[in-house]
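Below: one structure, written as structure tokens.
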Amino acid sequence: SVSRGREQTMQLNQAATLLSCLISTSSAFTSVGRRPVSRLASVRRFVATTPDAVDNSVSPNRSEPTTWECDDDLTECKEVPACNEVECRTSLDVRIHDTWYDLTGWRKAHPAGTHWIDWYDGRDATEVMDAFHSEKARGMWDRLPKSKPEAVKILDEEVPATSKASIAFRELRDQLEKDGWWERDIKHEITLLGIWGGLVAGAIATAHTVAPLSIFLTALAMTNAGWLGHDYVHGVDKWCDRMRYFVCYGAGLGVTWWSDKHNKHHALTNEQGVDEDIATDPFLYTWAPDPEHDSPLRKIQHWIFWIPFSALFALWRVDTLNVVVNAIEEKRPNAKQELFLLLAHYFVMLSVLPFNVWFPAVFLSGFMSAMIVTPTHQSEEFFSEFQHDWVTAQFTSTRNGVMTNPFSEWLWGGMQYQLEHHLFPSMPRSKYPLLKPILQKFAEENNIPGGYRESGEFEILKMNWELYKRVAEADAVPGAPYSRGHGQLGAIDLGFSPAAGGFKGRAGD
């Protein structure tokens, strides 16, 4: 027992050293050497209309420009002076279900951060609002003050009208909600959790006797926990409310990190300079870069892709720790609870699994996960501009995988139905197979370019490898879109994307 205790102590020391090195390495790759000027939207000095709950004591004769300030739950909004000694605060107008709302006074209260509100200034956020929010949250926009008619007139002239595909999609979503597609099959969820538990038990039982088998089972458990947690973080039902933090103690990944990074990928899929899922250089390039941002590794990336693929899960874990520490410093909700659960995960893992099992399992799991998540988008269209038709953009930037056997069907964790997931991320993944023919019919009826895209599981991997090969053989392109993400929200916060919008607020906002 003494030797076993020494062994565990050594494992903990090794793990601490490893994590420290990984965090240092990650910081080196994600730090920003310079802060470029964001490409902010044009300043609009509009005044919102008066909502039901209004304080008219400020500038009652409208001689001075005013704007709105709202409390967190939107129970009260009041007018305040729009100008201080330095500048005037502009209105921040977002279109939701064909109505423009002034979100100026509520942007700071948005639970996911101000950057999301700023990004949709002067844009339609209907599909993103519906996709990521619960029914309760989706009903709150009616409490927001509506944009002033003068602002609406200009915005309607500048912003494309709602597309026919978007209108049809909203009707489809309403019908699916009425038909109960968001009702979760609890027995099915318990079965999936039981499989994960069996993998964990098997990995522990063989850890000191059959290490290779334990490594394989641990890697499967890590990947499986990631897909389960992915479903629960997206979900908006009561089961997901209870299981939201499973991804922390089951996979060692953070809810805050996942929400920040992954929701950006869903909202802005394949937008160059914004979507970090296609911003994988300097290790893997998905398009020929500007010479300033090129790397010698690009020329051989199709031969060494398996190396960065294998590091995926380790980097996700490191990013998780960095984000949760920042979240605590920023006093984001439940950040301390999240850190506690992550530490519990590492305590248990390092206590029951030796280093020669859990360490290679992290990289094997990373390889399996990368082989699943990368090909469903990287071989499809990339966008250099903001996509106003979100629905069509999801179809044209996504390709599903068709599995050839039951093991692959389980291993992919619902990601083979990537289009279904992107259009309806909060829907239980067990519903996706039944949703497939409905979306195939939708694509045909709405003349979606390229239709419903899918390829066999091996063909789609081949397509991804061929992309890496084409980019490796291409010459660098001066002026090519910048791709590096610079951390979780760098693309949005720093405005690298040609599509970058934003809100110029009052000094100090």
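Total residues in region 211-257 satisfying the condition of being part of a helix (DSSP H, G or I) and closer than 18 Å to L192 by Cβ: the figure is 30.
Is it true that V247 is of a type outside the set (K, R), more than 21 Å from T398 (Cα to Cα) and open to solvent by less than 20 Å² (accessible area, probe 1.4 Å)? Considered against the rule, which asks whether it is of a type outside the set (K, R), more than 21 Å from T398 (Cα to Cα) and open to solvent by less than 20 Å² (accessible area, probe 1.4 Å), V247 comes out as yes. Residue pairs whose Cβ atoms lie under 6 Å apart, sitting 6 or more positions apart in sequence or on different chains, and linking a residue in region 152-174 that is touching a residue at least 12 places away in the same chain (Cβ under 8 Å) and surrounded by 15 or more Cβ atoms within 10 Å (Cβ to Cβ) to a partner that is part of a helix (DSSP H, G or I) and of a type outside the set (K, R), are A165/V391; A165/T392; S166/V391; F169/V391.
Table: residues versus (1) surrounded by 19 or more Cβ atoms within 10 Å (Cβ to Cβ); (2) at pLDDT below 95; (3) touching a strand residue (DSSP E or B) at 6+ places or on another chain (Cβ under 6 Å); (4) more than 27 Å from L268 (Cβ to Cβ).
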site	(1), (2), (3), (4)
P289	yes, yes, no, no
D294	no, yes, no, no
L312	yes, yes, no, no
D319	yes, yes, no, no
E329	no, yes, no, no
N356	no, no, no, yes
P360	no, no, no, yes
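Going by the structure shown, is A203 among the small types (G, A, S), farther than 16 Å from I372 by Cβ and assigned to a helix (DSSP H, G or I)? In short, yes. Out of T218, T209, T223, one residue alone is out of contact with any Asp or Glu (no Cβ under 8 Å at 6 or more places or on another chain) and open to solvent by 40 Å² or more (accessible area, probe 1.4 Å). It is T209. When we screen V325, V373 for residues that are free of Cβ contacts under 8 Å to residues at least 60 places away in the same chain and either out of contact with any Lys or Arg (no Cβ under 7 Å at 6 or more places or on another chain) or not aliphatic (A, V, I, L, M) (or both), the only hit is V325.
Against the conditions (1) hydrophobic (A, V, I, L, M, F, W, C); (2) more than 24 Å from H262 (Cα to Cα); (3) open to solvent by 40 Å² or more (accessible area, probe 1.4 Å), W182 satisfies every one except (2).
Restricted to helices (runs of 4 or more DSSP H) entirely inside region 368-484, those with at least 1 residues that are surrounded by fewer than 18 Cβ atoms within 10 Å (Cβ to Cβ) are 406-411, 432-445, 457-473. On the given criteria, is A131 open to solvent by less than 20 Å² (accessible area, probe 1.4 Å), part of a helix (DSSP H, G or I) and either among the acidic types (D, E) or farther than 24 Å from S426 by Cα (or both)? No: the conditions fail for A131.
Selection of first residues in region 421-435 that are of a type in the set (A, V, I, L, M, F, W, C) and of second residues that are part of a loop (DSSP other than H, G, I, E, B), restricted to Cβ pairs under 7 Å at least 6 apart or on distinct chains, gives the following pairs, ordered by first then second residue: M427/W181; M427/W182.
So how many residues does region 93-134 have that are in contact with a strand residue (DSSP E or B) (Cβ under 8 Å, 6 or more places away or on another chain), at pLDDT below 80 and farther than 23 Å from E385 by Cα? Result for region 93-134: 3.
Considering region 135-147, the residues that are open to solvent by 30 Å² or more (accessible area, probe 1.4 Å) and not in a helix (DSSP H, G or I) include one that is modelled with the lowest pLDDT, namely G139. What are the residue pairs meeting all of these: first residue in region 249-261, first residue within 10 Å of D319 (Cβ to Cβ) and at pLDDT 90 or above, second residue among the polar types (S, T, N, Q) and part of a helix (DSSP H, G or I), Cβ atoms under 6 Å, and 6 or more apart or on different chains? As it stands, the answer is L253/T320; G254/T320, since those pairs meet every condition given.
Total residues in region 441-468 satisfying the condition of being closer than 14 Å to M403 by Cα, over 23 Å from the mean Cα position of the chain (by Cα) and not aromatic (F, W, Y): the figure is 4.
The values are calculated or read from the model by the stated rules, or taken from the named source; none is laboratory data. Because the structure is a prediction, the values reported are computed rather than measured. No Cβ is skipped: glycine too gets one built from the backbone with ideal geometry, and neighbour counts run over all protein chains shown. Quick note on the areas: whole protein, heavy atoms, side chains included, nothing else; ligands and nucleic acids left out. Shrake-Rupley method; radii C 1.70, N 1.55, O 1.52, S 1.80 Å.
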